[in-house]
Amino acid sequence: MTGLLVTFEGPEGAGKTTQIQLLAGYLAQQSLPVEVVREPGGTSLGEKIRDLLLEPGQEICPGAEVYLYAAARAQLVANVIKPLLDKGKIVLCDRFVDASIAYQGWGRGLEPQGVRDANALALDGTWPDLTVLLDIAPEEGIRRVMDRRAGLDRIEQEDLSFHQAVRRGYIELAVDEPARFLVVDAAMPRKEVSQHIFTRTAALLAEKGFELRSEV
Ligand code: T5A
């Protein structure tokens, strides 16, 4: 059986990492084979590219930004995600290609379809089975990030209109592909958010032939 790729997306501080950990815990309790990866990063090359991309003050033009994210993604897909899927694993990925379309397309003002096309080689046909979009007002997400740690990275430091455009981009993507996206109001308490994610994931797993030991 081939595995399953579930990606998590949303504006800054939407709670992706929190929800991925909760879902990974739930799946592990069910004795299902789950692995967690993140973008940009997850490989030695990807982590170096991540440092460059997020370093405050680093000058990167929008086109270079697209290809740096795509380069990190290519390495992660080829060396980590595809091999895990081939082994039948459930891969939970913290951001994926939709982040490039929302941030570099909508946020930076590049043609969204061009950004998608620029990622074709990196994806090599790998596409998410399910994408969880945690939707939150950027002001609230950034506040959460600032409550958690001092200082914002290069992308977080962008102004509010950038983050609002990113949010709009994500919503457009979800409207275009309702079967792939699960949109959840990320302003809800953690547990309520996770219930929506568990229910949808469990349904998809059952559909794909994974055995669940108990109800959500
Ligand atoms: N990017 C990425 C691009 O521009 N293009 C791309 O192609 C890709 C892949 C990555 C940056 O790169 C950009 C997007 C990003 O700007 P990152 O450090 O990986 O940088 O940043 P994020 O992915 O945004 O991750 P964050 O850790 O900042 O946010 P999360 O994971 O969404 O949020 P999380 O879970 O860490 O939660 C944030 C805080 O909120 C609390 C948590 O406890 C934590 O303190 N929280 C809640 N509080 C109240 N209610 C809830 N429901 C809560 N859920 C979590």
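The values are calculated or read from the model by the stated rules, or taken from the named source; none is laboratory data. If you're wondering where the values come from, they're calculated on a predicted model, not measured in any experiment. Because the Cβ atoms are built from the backbone with ideal geometry, glycine has one as well, and the counts that use them run over all protein chains shown.
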Selected residue (only one of ARG213, ARG200, ARG180 is within 26 Å of THR2 (Cβ to Cβ) and modelled with pLDDT under 95): ARG213
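Just to check your reading of the model, which residue among ARG73, ARG50 is among the charged types (D, E, K, R), more than 23 Å from LYS208 (Cβ to Cβ) and touching a residue at least 40 places away in the same chain (Cβ under 8 Å)? Outline the logic, then answer.
Details: ARG50 fails: touching a residue at least 40 places away in the same chain (Cβ under 8 Å).
Sole residue among the options that is among the charged types (D, E, K, R), more than 23 Å from LYS208 (Cβ to Cβ) and touching a residue at least 40 places away in the same chain (Cβ under 8 Å): ARG73.
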Kindly indicate the residue of the range 143-167 that is over 12 Å from TYR103 (Cα atoms) and assigned to a loop (DSSP other than H, G, I, E, B) and also nearest to the ligand (Cβ to nearest atom) among those meeting that condition. ASP153
Scanning the range 32-80 residue by residue, the ones that are in contact with a Phe, Trp or Tyr (Cβ under 9 Å, 6 or more places away or on another chain), within 10 Å of the ligand (Cβ to nearest atom) and either at pLDDT below 95 or in a loop (DSSP other than H, G, I, E, B) (or both) total 2
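Test LEU123 against the criterion of being under 12 Å from ARG73 (Cβ atoms) and more than 10 Å from the ligand (Cβ to nearest atom), and give yes or no.
Yes; evaluated as a whole, the condition is true for this residue.
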Show the residue pairs meeting these rules: Cβ distance below 8 Å; 6+ apart or different chains; first residue within the range 1-15 and touching a residue at least 12 places away in the same chain (Cβ under 8 Å) and part of a strand (DSSP E or B); second residue more than 10 Å from the ligand (Cβ to nearest atom) and of a type in the set (Phe, Trp, Tyr). LEU4/PHE210; LEU5/TRP127; GLU9/TYR170
Some residue of the range 102-122 being in contact with a strand residue (DSSP E or B) (Cβ under 8 Å, 6 or more places away or on another chain), acidic (Asp, Glu) and either crowded, with 18+ Cβ neighbours inside 10 Å or under 22 Å from LEU160 (Cα atoms) (or both): no
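Residues checked against (1) touching a residue at least 12 places away in the same chain (Cβ under 8 Å); (2) within 19 Å of GLY169 (Cβ to Cβ):
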position: GLU111; (1), (2): no, yes
position: VAL115; (1), (2): yes, yes
position: ALA118; (1), (2): yes, yes
position: THR131; (1), (2): yes, yes
position: PRO138; (1), (2): yes, yes
position: ARG144; (1), (2): yes, no
position: ASP147; (1), (2): no, no
position: ALA150; (1), (2): no, no
position: GLN157; (1), (2): yes, yes
Sole exception among (1) within 17 Å of the chain's Cα centre (by Cα); (2) surrounded by fewer than 18 Cβ atoms within 10 Å (Cβ to Cβ) for GLU55, by number: (1)
Taking the options ARG190, ARG167, ARG180, name whichever one is surrounded by fewer than 17 Cβ atoms within 10 Å (Cβ to Cβ) and in contact (Cβ under 8 Å) with a residue 60 or more places away in the chain. ARG190
Just name the residue that is surrounded by the fewest Cβ atoms within 10 Å (Cβ to Cβ) out of those in the range 81-101 that are within 16 Å of the ligand (Cβ to nearest atom) and of a type outside the set (A, V, I, L, M, F, W, C). ASP94
